[in-house]
1. Would it be correct to say that B:G150 is within 14 Å of chain A (Cβ to nearest Cβ), of a type outside the set (S, T, Y), within 20 Å of the chain's Cα centre (by Cα) and surrounded by 24 or more Cβ atoms within 10 Å (Cβ to Cβ)?
2. Collect the residues in the range B:50-76 that are free of Cβ contacts under 8 Å to residues at least 12 places away in the same chain and of a type in the set (S, T, N, Q), keeping them in residue-number order.
3. Determine whether the range B:9-16 contains at least one residue that is over 15 Å from B:A309 (Cα atoms), outside any loop (DSSP other than H, G, I, E, B) and more than 13 Å from chain A (Cβ to nearest Cβ).
4. Kindly indicate which of B:E192, B:E235 is surrounded by fewer than 20 Cβ atoms within 10 Å (Cβ to Cβ) and closer than 29 Å to B:V16 by Cα.
5. What strands (runs of 3 or more DSSP E) completely inside the range B:321-437 contain at least 3 residues that are farther than 30 Å from B:R152 by Cα and aliphatic (A, V, I, L, M)?
6. Would you confirm whether any residue within the range B:43-55 is within 12 Å of chain A (Cβ to nearest Cβ) and either in a helix (DSSP H, G or I) or over 28 Å from the mean Cα position of the chain (by Cα) (or both)?
7. Which of the following residues is closer than 30 Å to A:L116 by Cβ and among the hydrophobic types (A, V, I, L, M, F, W, C): A:V345, A:V397, A:V422?
8. Go over the candidates A:R348, A:R301 one by one and state the one that is facing chain B (nearest Cβ under 7 Å) and either surrounded by 24 or more Cβ atoms within 10 Å (Cβ to Cβ) or out of contact with any Phe, Trp or Tyr (no Cβ under 9 Å at 6 or more places or on another chain) (or both).
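Only the coordinates and a few stated rules stand behind these numbers; no lab work does. Predicted, not measured: the structure shown is a model, and the values here were computed from it. Virtual Cβ from ideal backbone geometry, glycine too; neighbours counted across all protein chains shown.
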Protein chains: 2
Amino acid sequence: MSKEPIRIGLLGLGTVGQGLVRLLQKNHAEYVRRLGRSVIVTHAFSRNLTRLRDCDLSNVKVGDDPMYVAKEAPVDIVVELLGGISPARELIIAALGRGKPVVTANKALLAEDGDLLFDAARKAGVAIAFEASVAGGIPILRVMREGLAGNRIEGLAGIINGTCNYILTRMAEDGLDFESALAEAQEKGYAEANPAFDVDGIDAAHKLTILASLAFGIPLELKGVATEGIRHVTERDMSLARELGYRIKPLSIAKRRDGAVELRVHPTLVPKEHLLAKVDGVLNSIIVHGDAVGPTGYYGRGAGGDATASAVVADILEIARQPGAPLSLPPLGYEPNSVQPQPIVPLRDVECAHYLRLQVADTPGVLRAITSILAELDISIEAILQKEPKGREDASVAIITSSVSEQRFNAALEKLLALKFVRPGSTHLRVEHFHGR
Amino acid sequence: MSKEPIRIGLLGLGTVGQGLVRLLQKNHAEYVRRLGRSVIVTHAFSRNLTRLRDCDLSNVKVGDDPMYVAKEAPVDIVVELLGGISPARELIIAALGRGKPVVTANKALLAEDGDLLFDAARKAGVAIAFEASVAGGIPILRVMREGLAGNRIEGLAGIINGTCNYILTRMAEDGLDFESALAEAQEKGYAEANPAFDVDGIDAAHKLTILASLAFGIPLELKGVATEGIRHVTERDMSLARELGYRIKPLSIAKRRDGAVELRVHPTLVPKEHLLAKVDGVLNSIIVHGDAVGPTGYYGRGAGGDATASAVVADILEIARQPGAPLSLPPLGYEPNSVQPQPIVPLRDVECAHYLRLQVADTPGVLRAITSILAELDISIEAILQKEPKGREDASVAIITSSVSEQRFNAALEKLLALKFVRPGSTHLRVEHFHGR
């Protein structure tokens, strides 16, 4: 085996890019032990050449022409850490077209245009790898594509957005409201100045799209993901959920159901003894349910420069064993012609238990009216909790229903909200019981 | 790519072997989607040809000559599920010598003679794979060898023997004593008639040996594992540990320390809020600490025919992509000439916190005498709990010390046990606080 170093062309010197440069230097000897040769960044593109870098770039040619790094620079592997759709997409396609394998952490691009990238890689006969795109330091893509390949994956559920998990954790722990918890997350660098991408569930939807493709061997179906953010969760819901025996967690769920698949991202009540209920702060965790192995769980840091860089290195080391060849494993773990779409269950047909908090005037007959409407629509009540008003507040009635279709639940909800004693500010969330999972 | 099926020669038709036959049949279509060709068992060896099998063997040539299956039968991959050292070792070496890749779940053989097997595979230029040897359905070997390859692994700690975890869980939950919990485990098929292999820590030591080799790139060091079973844990220790804020779990621990490594298997007090404290019953779980990613966690079924078979299939599918070639990744994830021994920290020099339960006569001055001895040896007390005697029992004094070397702790222990008011039946266990892990 050649002892020449593997040369990396790096697109993007942000948090993860700098983390990668640092990690390749710090663990240089360890990688030589693993690979029999060293790995060095020789060329890099940065959007801002004058910004101070928290890493040693003295042996790196840093320039302002990304297309040069992707196409012309004498490198063995191109690493794309720019994020966003364009120009990342064009750069990756250009690199693949020149026969250069690509490692990327770009979940948005993969979820939107992954099939295009995979095609380009296949035509060029080189590898594209993207472990860093989901759940940072948890090697969940390898787990699903290789480790659990003996299973028919029945479903998965995970906390895959650390920002949302941090915000909900702070609300649960210290009774903060959403805005205060978000402000704290921004202060600590866990949330962007524009937090919409995280708190509205878009980032999680990108990641779930990738996970579902690997789980079921289906094309990337971003448009099929039913997505709901966490802005409407209140501290009152946190405490009611707790009293009912649940925690509210930002879950992303993919499930097989009757020849179709469910794909959804939403804040979810999770039984308090379930492991996902205990994963707090910015940590990520994913439960994967295989038919042979049953439920298996994974947790760790989902973001941050070092954790994400460690996933990038895992891909680099794998490709570096055979830099000129395509990976023997296809990107989704299924033969390309076996990757076939499956129907997506529309949200209205999704069946699950629901949590409903109604704000009501404190008058007689309230519970009777509510329970009558639910009974008419054949919706059973698994748990109910009425909290007396404090001071000038309305009373809260919290209900956990049995499993019921979204459509039927919404029909009941419409009638309930029309009751004359129901006040503004009611909330509705979904519940996941992980039966057998 | 050839569309000929991949033919498996199966050595052993016990629980896992039958699970493998069933799984290959059940998920046949799924594997064709993943691999582009099918996987079938064509030949098998069974020790007992007349025993009824819980799987369909109508298309399998089952015989009583294992060496025929290993060397002569027209198969592409040999799967060894016999367990034990001999004849498994000779069969694997014979298969490799004929250029046949081998998949094995044989942790005892790997821990004892893995280096020999790896050498034979390298010389023959074919693959040997063993995901099923540790933690059944959790793909922990792939995680460490590939997923976390970007990290310098600092250490790991895990519950990797389901029998012990089941016994300790039952003791903790229902106050059973060790013998009753063991009997229950045997009734349910979780423990063998001769349970020594599990409850004395030998099985866990085998698995830890494999994990440590993958974590640190060191040769298999079974003799370096300090091993202690769970027979001396009592229901009294369970309840005292709980009152002190801990659970007692059967941990296997591998850590780097000052250029050396610690390898140990023993029942361990774990803080009750740590995720390992919450993994109950026969479930396995492992925490791996990487320098870049920090702590990451994995859990799932550690044993059982289907879970273990799913790990065997993962190896089969990987090898089946290039049946004639060695895997591009060496068995331990490190280049063979980089696999170098490191000093093993002798148990006497291991530093950790200790739990000590002394049974004492209920006389004045007991605590003063105990605390004086500990103070003389410069051992701090982190927590202390005295329980009054019930009926004719002695009083119990439970102590959690600060971190201290085994040697120093033992010196104190010797003096304490010599005190005239200390009665027989005292116990000593180690404590793991996972600082930063």
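1. Details: within 14 Å of chain A (Cβ to nearest Cβ): yes; of a type outside the set (S, T, Y): yes; within 20 Å of the chain's Cα centre (by Cα): no; surrounded by 24 or more Cβ atoms within 10 Å (Cβ to Cβ): yes.
So B:G150 fails the test.
2. B:T50, B:S58 - these are the residues of the range B:50-76 that are free of Cβ contacts under 8 Å to residues at least 12 places away in the same chain and of a type in the set (S, T, N, Q).
3. The answer is no; no qualifying residue exists.
4. B:E192
5. Details: elements: B:351-360, B:381-387, B:395-401, B:427-431.
The qualifying strands (runs of 3 or more DSSP E) are B:351-360, B:381-387, B:395-401.
6. No, because not a single residue in the range B:43-55 is within 12 Å of chain A (Cβ to nearest Cβ) and either in a helix (DSSP H, G or I) or over 28 Å from the mean Cα position of the chain (by Cα) (or both).
7. A:V345
8. Going through A:R348, A:R301 in turn, the sole match is A:R301.
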